[in-house]
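Engineer: My questions will all concern the structure given below.
Here, each number is a calculation from the coordinates, and none is a lab measurement. Model, not experiment: these values are computed from the prediction. Here the Cβ positions follow ideal geometry from the backbone for every residue, glycine too, while neighbour counts run over all protein chains shown.
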Amino acid sequence: MNRVLFATRVLKQTRLGCRTFSAEAAKAEKSLQKPSQNFLKTTEAQSYSAYVQKEIEKGAWTPLWLVALKKRLKIKNEIQASVDSELKALLDKAATLLYYDCANNYPYIRLLNEFQLEDRISSWYKITLLHICMCLFKMQSNLDAGAYNQLRDSMLNAFWFDVDKRLEILSDEYDTKLNSKKDMEKMHGVYLQALFEYDEGFLSPDVVLAGALWRNLFMAIPVEPVHLNNAVRYTRATIAFLDSIEVNEIIVCGVKKWEPAEQLRLS
């Protein structure tokens, strides 16, 4: 089967199950839970890069069909293998720190108000995923293929590690299992759809970006146009802000302050 047709069919099947999160996850009306300090802290027994590698490997949860798809399309190939060990360690560290900035440094409550989203773990997940996609869009245009693939994979593995931990904390607090296989499959569906659609939306007119945000941030439910417009304006402003920063600065320092969210009055 043609690779493009195969990927298109899988994406269509994915969309059927990724419009909403489960009712159990919706009950978790809790704002940001900061990851453990051990997530970013080195230890005396091992190097930083070794610690990061260990954590991101054990935290990722990948369904078998996604592993099969990656093998079928040969997504992980010799390009990424060409990255030397020293650069790989640097990119792993940068990816972990950059993910932390994408997940924690934006004004969460402010964006909830501007987009009129409820304060739930699903809202944090979708807003964080948007920031990750914007950062990857910036890095893709500035790094070579091998370095970008390494940074992207490490960043997304750190993302799923953090998601697992947050759901585990909320599951214990609410005495309800929020990280069941069904819930994780739906979250992976949103994740895959967002990677496809945001990338297209960033390069397309606002109407295409608005459609991508409506499906992946607002989950294709009825929404006031002003709130969707706020999301489009914020996304465009943030991409422009990231474009104004040197890629080396992002790799070394991350994004400590999301200025569009702090400075712009969206509504």
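Engineer: Quick one: of K126/K257; K181/K257; K126/K181; K88/K181; K93/K181, which pairs are farther than 24 Å apart, Cα to Cα? Intermediate results must be reported in sequence, preceding the final value.
Structural biologist: Numbers: K126/K257 19 Å; K181/K257 35 Å; K126/K181 19 Å; K88/K181 31 Å; K93/K181 29 Å.
Result: K181/K257; K88/K181; K93/K181 exceed 24 Å.
Engineer: In addition: With labels modelled as points extended 7 Å from the Cα through the Cβ direction, what inter-label distance (nm, one decimal) is found for N113 paired with D84?
Structural biologist: 5.0 nm
Engineer: Quickly rank 129-141, 237-249 as a protection proxy: mean count of other C-beta atoms within 10 Å, highest first. If you can, show how the numbers build up before the last one.
Structural biologist: Working: 129-141: 20.3, 237-249: 13.8.
Top to bottom by mean Cβ count within 10 Å: 129-141, 237-249.
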